[in-house]
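Heads up, the thing below is written out as structure tokens.
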Amino acid sequence: MTERQVYPELTLRATAFSCGRGGMVLADALSFAVTGGNCLLLRGPNGTGKSTLLLTLAGIVAPMSGHFALEGADADDGPHLHYCGHRNAIKARLSVLENLQLWATLNGATGITPSEALETVGLGDLSMLDAGYLSAGQSRRLALARLLVSERPLWLLDEPTAALDTEGHALVTRLIDGHLQRGGLVIAATHDDITLPHPNRVQTLTLVRKS
Amino acid sequence: MKPFSTIIAHELRLALRGGGDMLTLVLFFVIVGAIVPFAVGPDKALLARIAPGIVWISAFLAMLLGLDRLFHADHEDGTLILLRQSELPLSAIVAAKVMAHWLVTALPLILASPVLAMLLAMDLETFLRTLMSLLLGTPALAAFGAIGAAVTVAIRRGGLIAPILIAPLSIPVLIFGVGTITATQSNAAMLFLAALSLMAVALAPFAAALAISSAED
């Protein structure tokens, strides 16, 4: 991964933004701005709306009020974000490499090649294995490899370190740091400590439970 | 065009590796058709007359049975959410999936229809017309099915609700499908059937994509 700016200057700005599910407001009156090269960590107990916030930013769930925008992004370029949720979207009957190649084609093969991405996440030896045989942690690594095969400035990560071992935690830190170096934005919901080499690039947003 | 054909290839590969699903549908199609003569009784003339209807009902039921595989697995494993962030619009993705669905469910039925024709004592001319009507009509069934499957995608065991939802939609397909084989104005019926399929295939992806987008909300 080269350390240079590859994305245009981007800012994700949310103003007076509320999100929730099923008619229930979970996160209320949020205002934040994340600029390129910075990471926003979402923290808070279970059920405070971290995942919902990420789904809303991904455009899957409609915001309840307020709005958000990725400023500086050209709408003609297609989607600008990668969403990496709880479910890994892996087809058990396809090989590890086939799984990744599908997304490289669908999302645009603008990043590193699928084989290189598998090497990066530590699945290089398993590329021909049926993905159904992967362990939970390995499946997670395959899901993370998807972020690398297509360049997109905004990463929305929901518990990226779930099921990963210590080395996996280091891998997530490395991936996020590499993405920030290139001017990308990361918004991650996590319960684990993610310690990035540049603490000044990290903002934290703590969500609280509504009483 | 590459992502579009990639999705079709991907779906075909999944279906072929799945193995059993396709064969199950074909066997279901043949067995439903083969059971009817037992219920109707040993009347060859009657059987020959209702054979087109039997073939269409069997094909219809078999296609309903296959609906569940269209979006359900993709919803369960999170693929649908990611598909919405791909370069291709969701409606195009749905269109590709419907085409692949037709290839793995309807086409095997059509290929197996000679077996049913033989069991039902169809003459050659009727059989050729049946083949034609199935080729023209099953795309509409697949497209309507996609709408039903998309609307019920977020519902647990939605696979059972989708057939009930789309059965009324499919009535015109059955009318003109059987009409193509038996009616006196069979050419007109055939044109109607083709028009119905074209319309359904053109519009269903948009409706299904809309249903999928609102399903998560």
#### Entry: Peptides A:26-32, A:122-128 ordered by average Cβ neighbours within 10 Å, highest first
A:26-32, A:122-128
#### Entry: A:HIS198 versus B:ILE35: modelled label distance in nm, points set 7 Å from Cα along the beta carbon direction
6.7
#### Entry: Karplus-derived HN-Hα couplings along the range A:67-84 (A = 6.51, B = -1.76, C = 1.60, θ = phi - 60°), whole Hz, x at Gly and Pro
8, 9, 8, 9, 6, x, 8, 8, 4, 6, 6, x, x, 10, 10, 10, 10, 10
### Query
Sequence-distant or interchain residues sharing an amide H contact under 5 Å with A:ARG43, placed H: which?
A:LEU205, A:THR206, A:LEU207
### Summary
Spelling it out for A:ARG21: with amide H atoms placed in the peptide plane at 1.01 Å from N, the residues 5 or more places away or on another chain with amide H under 5 Å from its amide H are A:LEU26
### Task
With a probe of 1.4 Å, find how much accessible area chain A has per residue, and write the answer as a whole number in Å².
42
### Task
Decide, for the range A:48-97, between rounded, prolate and oblate: order the square roots of the alpha carbon gyration tensor eigenvalues as a ≥ b ≥ c, take rounded if a/c falls under 1.5, and otherwise choose prolate if a/b is larger than b/c, else oblate.
oblate
### Task
First measure r as the distance between the Cβ atoms of A:ASP165 and B:THR24, then evaluate 1/(1 + (r/R0)^6) with R0 = 51 Å and state the FRET efficiency to the nearest 0.05.
0.80
### Task
Compute the FRET efficiency between A:VAL25 and B:ILE175 as 1/(1 + (r/R0)^6), taking r as their Cβ-Cβ distance and R0 = 60 Å, and round to the nearest 0.05.
0.75
### Gain in span if fully extended, A:HIS191 to A:GLU116, counting 0.36 nm per residue against the direct Cα distance
24.1 nm
### Viscosity 0.692 mPa s, temperature 37 °C, Stokes-Einstein D of chain A from Kirkwood C-alpha radius, µm²/s
187
### Message
Residue by residue through B:88-99, how many Cβ atoms from other chains fall within 10 Å of the Cβ on average?
### Response
1
## Note on the structure
For A:ARG43 and A:GLU71, extending 7 Å from Cα along the Cα-Cβ vector and measuring point to point gives, in nm, a value of 2.7
### Summary
When every protein chain stays in place and a 1.4 Å probe is rolled, A:GLU9, A:GLU116, B:GLU11 sorted by accessible area with the largest first are A:GLU9, A:GLU116, B:GLU11
### Query
For the pair B:PHE4 and A:ASP125, what calculated FRET efficiency results from E = 1/(1 + (r/R0)^6), where r is the Cβ-Cβ distance and R0 = 30 Å, to the nearest 0.05?
0.40
### Query
Tilt of helix A:136-149 relative to the longest C-alpha principal axis of chain A, in degrees (0 to 90, nearest 10)?
80
### Query
What do the square roots of 5 times the Cα gyration tensor eigenvalues come to for the protein assembly as shown, in whole Å, largest first, as semi-axes of the equivalent ellipsoid?
49, 22, 18
## Note on the structure
Ranked by GNM mean-square fluctuation in chain B (Cα springs under 10 Å), the top entry among B:ARG17, B:ARG49, B:ARG129 is B:ARG17
#### Entry: Nitroxide proxy distance, nm - points 7 Å out along Cα→Cβ at B:ALA188 and A:PHE32
6.6
### Summary
Diffing the range A:180-186: the Karplus 3J(HN,Hα) column from phi (6.51, -1.76, 1.60, θ = phi - 60°), in whole Hz with x for Gly and Pro, holds 5, 4, 8, x, x, 10, 10
#### Entry: At 1.002 mPa s and 20 °C, Stokes D of chain B from Kirkwood alpha-carbon radius, µm² per second
121
### Summary
One finds the C-alpha centres of the range A:149-195 and the range A:1-69 to be spaced, in Å, by 15
### Query
Summed for both chains, how many Å² of accessible area, to the nearest 100, are buried between A and B with a 1.4 Å probe?
2500
#### Entry: Rounded accessible area of B:ILE164 (nearest 10 Å², 1.4 Å probe)
130
### Task
Have a look at B:PRO172, B:PRO52, B:PRO205 and tell me which one the Gaussian network model of chain B (Cα, springs below 10 Å) gives the largest fluctuation.
B:PRO172
### Message
One quarter of the convex hull surface, Cα atoms only: what value does that give for the range A:83-151 in nm²?
### Response
3.9
### Query
Carbon and sulfur atoms: what percent of the 1.4 Å accessible area of the range A:83-151 do they account for?
51
### Task
Determine the sum of side-chain charges near A:ILE112: Lys and Arg each +1, Asp and Glu each -1, restricted to other residues whose C-beta is under 11 angstrom from that of A:ILE112.
-3
### Query
When the Karplus curve 6.51 cos²θ - 1.76 cosθ + 1.60 is applied with θ = phi - 60°, which whole-Hz ³J(HN,Hα) does each residue of the range B:184-197 get, with x for Gly and Pro?
5, 9, 5, 5, 5, 4, 5, 5, 4, 4, 5, 4, 4, 5
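The values are calculated or read from the model by the stated rules, or taken from the named source; none is laboratory data. Not measured: the values here are computed from a predicted model. Here Cβ is always computed from backbone atoms with ideal geometry, including for glycine, and neighbour counts include all displayed protein chains. SASA here: full protein model, heavy atoms, side chains in, ligands and nucleic acids out. Shrake-Rupley method; radii C 1.70, N 1.55, O 1.52, S 1.80 Å.
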